[in-house]
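**Student:** There's a structure below that I have some questions on.
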Amino acid sequence: MKSMYHINQIPSERPIKKFIRRVVFGKNVFCPECRSRKVVVFEQRYRCRACRLKFTLLSHTWLKGMKLSYEKFWMVLWCWTTSIPVSQTTELTGLSRQAVAHWHDLFREHLPKDHVILGKVVQLDEAYFKGWSLVMGKEQGTRKIAFMMWKTSVERYHAVQFLEQHVKPGSKLCTDGAWIYRAIQHWWPVDHEWDIHKRFEFGKTSEIEGMFGILRTFLRRMYHHVTPEKLPDYVSEFQARFSSPEIFKDPRHYLAKTLSLVPFD
């Protein structure tokens, strides 16, 4: 296995552990089971004097059992948060492509799961990727986007389902006038307006149509090859990156949002 390159953005192990300890426990380490602060360091682990639990910095987080060094973990996360392509990440870290994909899956899995509701003026459109139908909406003038995907062609009931889940009643809905949106205001209370593309009308849907181009560029540049079974996960990641860019500023911002004590059997 190739060795890891060192770059200035990667701190040494000590500050990484200090940061993670602050994120997980706050100012003082406490027992994750009984919450006692009567904790001592014991053979590179912690031991609770109250309930005798032995634990580590990561044992009660989703990083439990991590085999990577802290520095290599930080580098993989730094590459992912800053959108370094997979091929470049393997070169920088010395990890295999399979290992990098595994860590990307974990990072993606622990992104905050916010249910997005769009309002005011919402642009809506559909596209097709690798056997999937994708309906995506964007709140005009903002970074708020929402999507739903199906393994069938898009029908009117799919569009209605999207509105029910993601569009605030009373919003203005802008579409391209496709048949699946016709009279959709009778199924969900929206003020529906539309462009007619064959008349070269694009103003009402320009933002959402541009999103599909941004999505395709992201997929091609970041992952190069996307399999159909992974596509929903990648689109979910894209949504988070576009709607919540602050999470991806660097590993510190990501971990501050995602790393916390979780119960383990």
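Read-outs throughout are calculated quantities, based only on the coordinates presented, and are distinct from any laboratory measurement. Keep in mind the model is a prediction, meaning the values are calculated, not measured. Cβ atoms come from the backbone with ideal geometry, glycine included; neighbour counts cover every protein chain shown.
**Student:** Filter the cross-link list K138/K249; K67/K138; K113/K172; K38/K113; K72/K151 down to pairs whose alpha-carbon distance in this structure exceeds 31 Å. Show your work: numbers first, answer last.
**Tutor:** Numbers: K138/K249 22 Å; K67/K138 40 Å; K113/K172 26 Å; K38/K113 34 Å; K72/K151 38 Å.
Violating the 31 Å Cα-Cα cut-off are K67/K138; K38/K113; K72/K151.
**Student:** Same structure, new question: Under 8 Å for C-alpha pairs, at least 6 residues apart: give me the relative contact order for the chain, rounded to a whole percent.
**Tutor:** Averaging sequence separation for qualifying contacts and normalising by length gives 19 percent for the chain.
**Student:** Could I ask something else about it? Considering Cα pairs under 8 angstrom that are at least six residues apart, work out the relative contact order of region 121-245 and quote it in whole percent.
**Tutor:** Contact order relative to length: 24 percent.
**Student:** Also, quick follow-up: Hey, if you drop one equal point scatterer on each alpha-carbon of region 1-149 and run the Debye formula without solvent, what base-10 log of I(q)/I(0) do you get at q = 0.10, 0.12, 0.15, 0.21 Å⁻¹?
**Tutor:** Taken in order of the listed q values, log10 I(q)/I(0) reads -0.57, -0.75, -0.95, -1.23.
**Student:** I've got another one for you. Give me C31, C79, C51 sorted ascending by neighbouring Cβ count inside 10 Å, so fewest comes first. Numbers along the way, then the final one.
**Tutor:** On the way: C31 21, C79 26, C51 12.
Listed from fewest to most nearby Cβ atoms, that is C51, C31, C79.
**Student:** Hey, another quick one. Would you grab the residues whose amide H sits under 5 Å from the one on D125? Only those 5+ places off in sequence or on another chain, please, with H modelled 1.01 Å from N.
**Tutor:** For D125, the qualifying residues are M136.
**Student:** Let me ask something else. Just rank L57, L255, fewest to most, by other beta-carbon atoms within 10 angstrom.
**Tutor:** L57, L255
**Student:** For the chain, list log₁₀ I(q)/I(0) at each q in 0.07, 0.10, 0.11 Å⁻¹, using the Debye formula over Cα point scatterers of equal strength and ignoring solvent, two decimals each.
**Tutor:** Per q value, in the given order, log10 I(q)/I(0) is -0.35, -0.64, -0.74.
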